[in-house]
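The values are calculated or read from the model by the stated rules, or taken from the named source; none is laboratory data. These numbers come from a predicted model, not from an experiment. Quick reminder, even Gly has a Cβ in these numbers, built from the backbone with ideal geometry, and neighbours come from all protein chains shown.
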Amino acid sequence: MAKDSDTFSLKETAVLAGLSERALRNEVDRGILRPRRIARGRRRDLRLPAGAILYLRLVRETPFALTRTERADLYRLLVDREERRGGWTAAGNALRSGIVTIDAAGPRRWLAERLRVYRRGLGRLASSPDVLGGEPIFAGTRISIRHVGRLALRGVETRELLADFPALTQDDIAFARIYASMKPAPGRPRKRLRFRTAGA
């Protein structure tokens, strides 16, 4: 069974794969991606393994459409790390189905680097009500991760951001870009709401 640190929420999976959450949920609804329910405190979150990110990247980069069955078999091949699933076979980085061959070497390197940056960034994330009202910041700084990420997503170059924020590294900027792509979870009121009738 995959460790919790080896699995990702649907939101994380979509952003790490460079897709919309809606596109990812379509694959879930079709029964291709099979998230696991993992208990996190009182909640049970839907989580996907890193193989799901690789699968989504490969399908996105493949220049031709795969059938639903081909996609489902490819997903299981990657997640279960088997040598054969349905019409697919795996030999190293070569994934074959009939006359179709997909080279997974580049996407696997891309994924390893993306996960390295993301996991390192999560380790740098800090939050305190005394600093920027609890906004997530880079540990040891007062720099908002989301602010830096939004600047990067708007096209501000990494060298410019490093000049403006010398406490940060290139990995920090890359993480901020990923983090800012994720919509924040809906908030809840900090204090219990109290309703009063007019004139009371």
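Quick notes on this one:
- Evaluated against (1) touching a strand residue (DSSP E or B) at 6+ places or on another chain (Cβ under 9 Å); (2) under 22 Å from Asp172 (Cα atoms); (3) not in a helix (DSSP H, G or I), Arg142 falls short on exactly one condition, (1).
- Filter result (in contact (Cβ under 8 Å) with a residue 24 or more places away in the chain, exposed (fewer than 15 other Cβ atoms within 10 Å of the Cβ) and either hydrophobic (A, V, I, L, M, F, W, C) or in contact with an Asp or Glu (Cβ under 9 Å, 6 or more places away or on another chain) (or both)) within segment 47-65: Phe64
- Top-ranked residue of segment 102-120 - restricted to ones that are free of Cβ contacts under 8 Å to residues at least 60 places away in the same chain and touching an Asp or Glu at 6+ places or on another chain (Cβ under 7 Å), ranked as farthest from Leu77 (Cα to Cα): Arg120
- For segment 19-36, the candidate set comprises residues that are small (Gly, Ala, Ser) and outside any helix (DSSP H, G or I); within that set, the residue that is surrounded by the most Cβ atoms within 10 Å (Cβ to Cβ) is Ser20.
- Contacts under 6 angstrom Cβ, first residue in segment 87-98 being under 19 Å from Leu111 (Cα atoms), partner of a type in the set (Asp, Glu), 6 or more apart: Ala90/Glu83; Asn93/Asp103
- Screening Ala39 on (1) assigned by TED's automatic domain parsing to the domain that holds Ile173; (2) loosely packed, with under 15 Cβ neighbours inside 10 Å; (3) of a type in the set (A, V, I, L, M); (4) under 17 Å from Thr7 (Cβ atoms) shows it passes everything except condition (1).
- Condition met for Ile145 (at pLDDT below 95, outside the structural domain of Leu16 (by TED's automatic domain parsing) and closer than 20 Å to Ala14 by Cα): yes
- Every residue from segment 138-175 that is aromatic (Phe, Trp, Tyr) and loosely packed, with under 11 Cβ neighbours inside 10 Å: none
- Selection count where residues are acidic (Asp, Glu) and at positive phi, scope segment 135-186: 0
- Positions within segment 77-110 being in a helix (DSSP H, G or I), crowded, with 18+ Cβ neighbours inside 10 Å and touching a strand residue (DSSP E or B) at 6+ places or on another chain (Cβ under 9 Å), in sequence order: Leu77, Leu78, Val79
- Restricting Ser97, Ser127 to those that are in contact with a Phe, Trp or Tyr (Cβ under 9 Å, 6 or more places away or on another chain) and polar (S, T, N, Q) reduces the list to Ser97.
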